[in-house]
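Nothing in this text is a laboratory measurement; each read-out follows from the coordinates by a stated rule. For clarity, every value in this text was computed on a predicted model and none was experimentally measured. Cβ sites come from the backbone with ideal geometry, for glycine too, and all protein chains shown count toward neighbours.
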Amino acid sequence: MGPVLAGVLQLVALIAALALAHVPLGTYMAKVYSSDRHWRVERWIYRGIGADPDTEMRWPAYLRGLLAFSFVGVLFLYLLQRLQGVLPGSLGFSSIEPAQAFNTAVSFVTNTNWQSYYGEQAMGHVVQTGGLAVQNFVSAAVGMAVAVALVRGFARSRSGELGNFWSDLVRGVTRILLPGAAIAAVVLVACGVIQNFSGIHEVGQFMGGSQQWNGGAVASQEAIKELGTNGGGYFNANSAHPFENPTPFTNLFEIFLLLVIPFSLTRTFGVMVGSVRQGYAILATMATLWVGFVALMMWTEFAHHEGALQIAGGAMEGKEVRFGVGSSSIFAVSTTLTSTGAVDSFHSSFTGLGGGITLLGMMLGEIAPGGTGSGLYGMLVMAVIAVFIAGLMVGRTPEYLGKKIGTREIKLAACYLLITPALVLVFTAASMALPTPPHSMLNPGAHGFSEVLYAFTSASNNNGSAFAGLNANTDWYNTTTGLAMLLGRFLPMVFVLALAGSLAEQTPVPATAGTLRTEKPLFTGLLVGAILIITGLTYFPALALGPLAEGLAA
Amino acid sequence: MTTDTQKHEGSMSTAAPARAPHGDVPTAHKTPEGRVGAGLFDPKQLVTSLPDAFRKLDPRVQVKSPVMFVVWIGSVLTTVFSVKDPGDWFGWAISAWLWLTIVFANLAEAVAEGRGKAQADTLRRAKTDTVARRLIEDGSEERVPGTELRIGDLVVCEAGDVIPGDGDVVEGVASVDESAITGESAPVIRESGGDRSAVTGGTKVLSDRIVIKITTKPGETFIDRMINLVEGAARQKTPNEIALNILLASLTIVFLLAVATLPPFADYAGTHLTMVVLVALLVCLIPTTIGALLSAIGIAGMDRLVQRNVLAMSGRAVEAAGDVSTLLLDKTGTITLGNRQACEFVPVRGVTEAEVADAAQLSSLADETPEGRSIVVLAKEKYGLRERHQGELTDAEWIAFTAQTRMSGVDVDGRKVRKGAAGSVIAWVKERGGEVAEDAQELTGEISEAGGTPLLVAVEDTDGARVLGVIHLKDVVKDGMRERFEELRRMGIKTVMITGDNPLTAKAIAKEAGVDDFLAEATPEDKMALIKREQAGGKLVAMTGDGTNDAPALAQADVGVAMNTGTSAAKEAGNMVDLDSDPTKLIEIVEIGKQLLITRGALTTFSIANDVAKYFAIIPALFAAVYPGLDKLNIMRLSSPDSAILSAVVFNALIIIALVPLALRGVRYRPVSADRLLRRNLGIYGLGGLIAPFIGIKLIDLLISLIPGIG
């Protein structure tokens, strides 16, 4: 079996598994967020944090809860890192410097998991498991809560009420992420991922010299790292490290994990708005983009005619031999399209165009299928924009799922649309214009520019993967990427929740033959086109000077 | 003498149904197909509007459109840089074409406004300064200028007077020439009380004397508002237009970011981008096409209504018309012709159809009501009975139809023939000791159930008094209404027929006309309740009305079209006035509303899709020198970097002019489902918008490369 065929077969297996899983999981999640019963353990939590899980919140209240919770999360994680040196169970690592501690705290709370540190050389058990892993769960649950609030905005009318943030947050953890991660962790352990609290081992190498091996609760963190589209690896090598991702099967399983919730949420959406076909339309949009990107990636990575690449069967530089080109391509596309940012290969080493695909994947705004929750709400905002333009073309005030897209809605959607491009372009331009930041680049020319562009694209879109090469542990990059992550996460959430509130206040418009049918393939096609064109137009000059200049040079 | 003839004319037009001439006869404003989509555009208008277009270069005008204001600033910048470096032909060429871009945008707006101005001038001529004859309390008159009238003043108008202000007739009847506002030369009757009491300032009394109570302040009269409307002075941005402007502004910001961040990227790559090039790139990317045409589209949309003699009081109402999902249509005059007509003669057992026809015709000769005339017509058309005249029959005693007897007939040659309402005729027969055939009752019942009105025909001769048969009168649904309703259904619009008929009759007519629903025995309260119910379900409702009792419903409806013949209360309550007083026009109004939105959406899509090609022209031109690989993106194989950038800018400017006719005329609208509309418009304006600039830019580049010293 050739490597191309192997890659395609893995892709087919992945699609089959996702197709099987998304209906039951999506329906289950809809039930979780619609149920009015609390588990006993949840009641304890509500009592502990002093929240009433049954009050309905309008969008400002929902947002206040979310921001307060996230702020406390950042503060806690920052202090934990700053105090690491005096905490027990830290493997003797010292406290993290302020800029990096800020960057890392923000990074994990925003579900970005950009890492400017080396996990095995900086973070002990307490920070990894008690701080970072906890945020892996709750930051993902926050994203899902916002998505569910937006879905409720579509589903509800004349109330403006979006549900209860605390209940959505807690249930996301207790009923979805914890059980899911537990099952996934067991599977990973069974396949060879480590799970212990052992210390650092110096191991002699075959060729002489020695290597440092850390133990740790890796499988449990690995599970939520993928399932919650976090991406922050226990080790610096992330999913390329054999302790995190030992076999081709675990590799495929990890890809499955990082895709399953974002794809399944489309089902949740369909169930909650009372039309699973609407969910399928969104699913189809996400799937088209994802499959298209995977196909493009495989094509760029396999199709090389130069000697070395041909012998290797593709562009093998930076890719693990045990995964090969096909599987690495699927992983790279999936991780950049989901805001996960875990890597099993080094995106910097992909072909010029392949690197461009990972960049463009993030630039789409992490919506195909995107992060846990953030993918769905991002895609729904794009749908609102597409509906607005297309809706005018059928001669009515545009409406989506019975809700009118009026001045207020379009204002909020347009603000959402502006944020990440502004962050990416302004920070990248500042880094290129200022004297010192370019010194962090490893490579000259277009590739060096791609490193910087990638860093801010990754941070602003809350992806967290790195192009590798760029030394991001400088005060400039720690601060700017930290700001990009913060603003790129919470500003869009403000607009999404305001949009949800505005939609939930409306009286629904009944669908007629004159209504734009948003569950039809035509609309899916339109949405795919709108996403590609709007993203393409925004970033084309930047992409031309980075990956395109490099990729087309050959 | 003169007054007498005018009186006669006046009474003639009273008898004729006021709406009939407008309903069926296509007016000059309609297109041959009678559909929206066509409008007049004369290329000469582009030239005549040029001075206006240059006047609009004023930044205070430009700032209203965020997209065009960015172009304006860009033009100023490139001009300044060209002045600093006067030897650079490229800078001058770009500057010139950027200014032209703005001029073209202004031109679109000026042409749209110009058409309204012509109409406003006509209206102004009608609004000559009038002298009003105000009644003072002691009953005497004083002459005051029309501009000094206050609400509540009573003024007298006699034949030949121009009515000095809007008001209601409180005394008298007069025929009035309203051609100044409606363009319709036939005079109309205005009388005190009832639903035809409203008069409009600027119209002319042709006969009689009326006393008018002024209801509007000078300067706020109907004609003043009309002038403001057609001139566009009162034009406010509609909700959709505002929303679209926001989207366009945010896209402009995105592109501003993309361009503004480019210099450091380019410097790193080893090439320096001049201000002229950056501005050119920016202008090409921001949605100038739709930004330039947006206000022209809105003005032209209102104008299309004015051309159809409909005045919308706000653009919001026009937009709402496109969203309407329920149409309330009055049965009479809209769905059916004004009057019921005889459609068949049904004999009772033992009598032939011809006998019934003969008796029916004979008894109806003295019936001048439209129903009576229709019986005579049917007898002639279907049974070949020559129309007899009352004079032909000597010694005949004619019994005319009255509301009291509800019968008409004739006594001739000892034979008495009667036709009339079932109850009256049965009573007449029984009075004369005659018998009523058993099946006569059944036949009347059947006709009633079918939605018709039965009239009985009876005779008394040597054989005694007896019922001969039944005349079936029915409402006649106007031609083509069924198809129209079918179209409306495809557009997703529900039609509800409003009628005072009983539910049985209403149901039958509703079925025949193909409306979706009906409201029988409708009172104004029922109408109001229906509108509120539909609105509570999230639907937008449109209706027409003319009476004072329609006013609350007209105000409640999202689109309320008042008939110009109606009361001033109705006109005040509605948000549109139909000068032709043709309720069927509601359907066209809906189509115009949809067309307005479609045109905006289509040109927005086109504008955004255009950008793809512009990138393929400009990016390789800027960077192929430092990154030769990027020349692969120059898929149009443009001749030189300068020519590529200039071609994109020129295309960007010319496409505006090319689309002016479309913006003014509106994208053609067909009443089909949303799906088919979307597929069609996406195909034309989406795919077309992707492909067209590739061809256009290439052609312009070919031309530019022919200019010696460039290329």
Stokes-Einstein D for chain A at 4 °C, 1.567 mPa s, Kirkwood Rh over Cα pairs, in µm²/s?
55 µm²/s
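Assign one of three labels to the range A:169-319, namely rounded, prolate or oblate, based on the Cα gyration tensor with a ≥ b ≥ c the square roots of its eigenvalues; rounded applies when a/c is under 1.5, prolate when it is not and a/b is larger than b/c, and oblate otherwise. Please report the intermediate quantities before stating the final value.
Working: a/c = 3.55, a/b = 1.25, b/c = 2.85.
Oblate, since a/c reaches 1.5 and b/c is not below a/b.
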Here the Kirkwood hydrodynamic radius of the range B:598-711, Cα-based and in Å, equals 15.2 Å
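For chain B, what is the mean residue ellipticity at 222 nm derived from helices alone (per DSSP H run of n ≥ 4: -39500 (n - 2.57); sum divided by total residues; nearest 500 deg cm²/dmol)?
That calculation yields -16000 deg cm²/dmol at 222 nm.
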Apply the Debye scattering formula to the range A:124-217, with a single equal point scatterer on each alpha-carbon and no solvent, then give log10 I(q)/I(0) at q = 0.12, 0.15 Å⁻¹.
-0.58, -0.76
How long are the three semi-axes of the equivalent ellipsoid for the range B:291-345, computed from the Cα gyration tensor as the root of 5 times each eigenvalue, in whole Å, largest first?
37, 13, 9
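Nearest 5 is fine: what % of DSSP beta bridges in chain B come out antiparallel, could you say?
Details: 60 of 80 bridges.
Once the DSSP bridges in chain B are tallied, antiparallel ones form about 75 percent.
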Kyte-Doolittle cut-off 0.0, length cut-off 27 Å along the helix's own axis using Cα: show which whole DSSP H helices in chain A pass.
A:3-34, A:59-82, A:133-155, A:248-272, A:276-302, A:374-393, A:407-433, A:475-505, A:521-543
Using 10 Å bins from zero, what percent of all Cα-Cα pairs in the protein assembly as shown falls into each bin?
2, 8, 14, 16, 16, 13, 10, 8, 6, 4, 2, 1, 0, 0
Residue-averaged [θ]222 nm for chain A, counting only DSSP H segments that reach four residues, each worth -39500 (n - 2.57)
-20500 deg cm²/dmol
Within 10 Å of each Cβ in peptide B:59-65, how many partner chain Cβ atoms are there on average? Round it to a whole number, please.
0
Between the helical axis of B:585-623 and the dominant principal axis of chain B, each derived from Cα atoms, what acute angle in degrees is found, rounded to the nearest 10?
10 degrees
Output the 0 to 90 degree angle, nearest 10, between the alpha-carbon long axis of helix B:66-84 and the longest principal axis computed from the alpha carbons of chain B.
30 degrees
Give the Cα extents of chain B along the principal axes, in whole Å, largest first.
118, 65, 46
Run through the DSSP bridge list for the protein assembly as shown and note the antiparallel percent, rounded to the nearest 5.
80 percent
Binning at 5 Å from 0, report for the range B:632-691 what percent of all alpha-carbon pair distances ends up in each bin.
4, 14, 16, 20, 16, 12, 9, 7, 3, 1
Near A:Lys403, which lysines are there with a Cα under 28 Å away, not counting those fewer than 8 places off in the same chain?
A:Lys31, A:Lys411, A:Lys520, B:Lys237, B:Lys494, B:Lys527, B:Lys532, B:Lys539, B:Lys594
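I want to verify the translational diffusion coefficient of the range A:312-413 in µm²/s; compute it with Stokes-Einstein, Rh as the Kirkwood radius over Cα pairs, at 25 °C and 0.890 mPa s. Mind dumping the intermediate values first?
On the way: Rh = 15.5 Å.
This corresponds to a translational diffusion coefficient of 158 µm²/s.
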Calculate how steeply helix B:503-513 sits against the longest principal axis of the alpha-carbon atoms of chain B, using the helix alpha-carbon long axis, and give the answer as 0 to 90 degrees to the nearest 10.
50 degrees
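Quick one: net charge around A:Ile330, please, counting Lys, Arg +1 and Asp, Glu -1 for every other residue with C-beta under 12 Å from its C-beta. Display every interim value, and only then the final one.
Details: positive: A:Lys319; negative: A:Glu254, A:Glu301, A:Asp344.
Taking every Cβ under 12 Å from that of A:Ile330, the sum is -2.
Can you pull the Kirkwood radius for the range A:480-541, inverse mean 1/r over Cα pairs, to one decimal in Å? Working shown, then result.
On the way: mean 1/r = 0.0661 Å⁻¹.
By the Kirkwood definition, the hydrodynamic radius is 15.1 Å.
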Just want the answer: with Cβ charges of +1 for Lys and Arg and -1 for Asp and Glu, which residue in A:Leu87, B:Thr369, B:Gln341 is farthest toward the dipole's positive end in the protein assembly as shown?
A:Leu87
For chain B, what is the charge dipole size about the Cα centre, in debye to the nearest 20, if Lys and Arg each add +1 at the Cβ and Asp and Glu each add -1 at the Cβ?
3100 debye
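Averaging the inverse of every distinct alpha carbon separation and then flipping it gives the Kirkwood radius. What is it for the range A:49-148, in angstrom units? Mind showing how you got there, number by number?
Numbers: mean 1/r = 0.0697 Å⁻¹.
Hydrodynamic radius (Kirkwood, Cα pairs) of the range A:49-148 is 14.4 Å.
Give the average, rounded to an integer, of partner chain Cβ atoms located within 10 angstrom of each Cβ in A:401-409.
Working: counts 0, 1, 1, 5, 3, 4, 9, 3, 2.
Average neighbour count from other chains, rounded to a whole number: 3.
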For B:Val476, other-chain or 5+-apart residues with amide H closer than 5 Å (H placed, Pro excluded) are B:Leu337, B:Gln341
